[in-house]
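The values are calculated or read from the model by the stated rules, or taken from the named source; none is laboratory data. Computed from a predicted structure; not experimentally measured. Note that we place each Cβ from the backbone using ideal geometry, even for glycine, and neighbour counts take in every protein chain shown. Protein only, heavy atoms only, side chains kept; ligands, DNA and RNA dropped before computing areas. Shrake-Rupley method; radii C 1.70, N 1.55, O 1.52, S 1.80 Å.
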Amino acid sequence: MSDVNATIENEIKSQDVVVFMKGTPQMPQCGFSGQVVQILNYLGVPFKGVNVLADQNIREGIKAYSNWPTIPQIYVKGEFVGGCDITREMFQSGELQTFLAEKGVPVKTAAA
């Protein structure tokens, strides 16, 4: 299990925003992963997608690592943010944009 945790930690540290998801950012394999990709793309946030369908150890390991039962899972600067519902609610309230900006992650702003 420690090898899986080390792999997960390396992924989380590899980029400012990392999404453990079903499928890839170019081809999400579930609606929840797709929603997270849409939100991050809309905000212009660069992120790395980790396809949990490609590795069963990562798929189960990320749930234990975060103590969160569902996928997708979003990490910002190594901090677990949540899944699809939390990300969507934060986005709709503007909290996600503020959180990303506070963490130093560039966010595209709407043209005024």
Q. Here are Gly23, Gly34: which of them is at pLDDT 95 or above, within 25 Å of Ala6 (Cβ to Cβ) and open to solvent by less than 20 Å² (accessible area, probe 1.4 Å)?
A. Gly23
Q: Can you give me the number of residues within the range 37-62 that are open to solvent by 60 Å² or more (accessible area, probe 1.4 Å) and among the aromatic types (Phe, Trp, Tyr)?
A: 1
Q) Name the residues in the range 80-108 that are of a type in the set (Phe, Trp, Tyr) and closer than 16 Å to Asn41 by Cβ, would you? A) Phe91
Q) How many of the residues making up the range 65-112 are farther than 17 Å from Glu11 by Cβ, in a helix (DSSP H, G or I) and either touching a residue at least 60 places away in the same chain (Cβ under 8 Å) or not aromatic (Phe, Trp, Tyr) (or both)? A) 16
(Q) Looking at Gly82, Gly78, can you tell me which residue is under 24 Å from Thr98 (Cβ atoms) and either touching a strand residue (DSSP E or B) at 6+ places or on another chain (Cβ under 8 Å) or open to solvent by 60 Å² or more (accessible area, probe 1.4 Å) (or both)? (A) Gly82
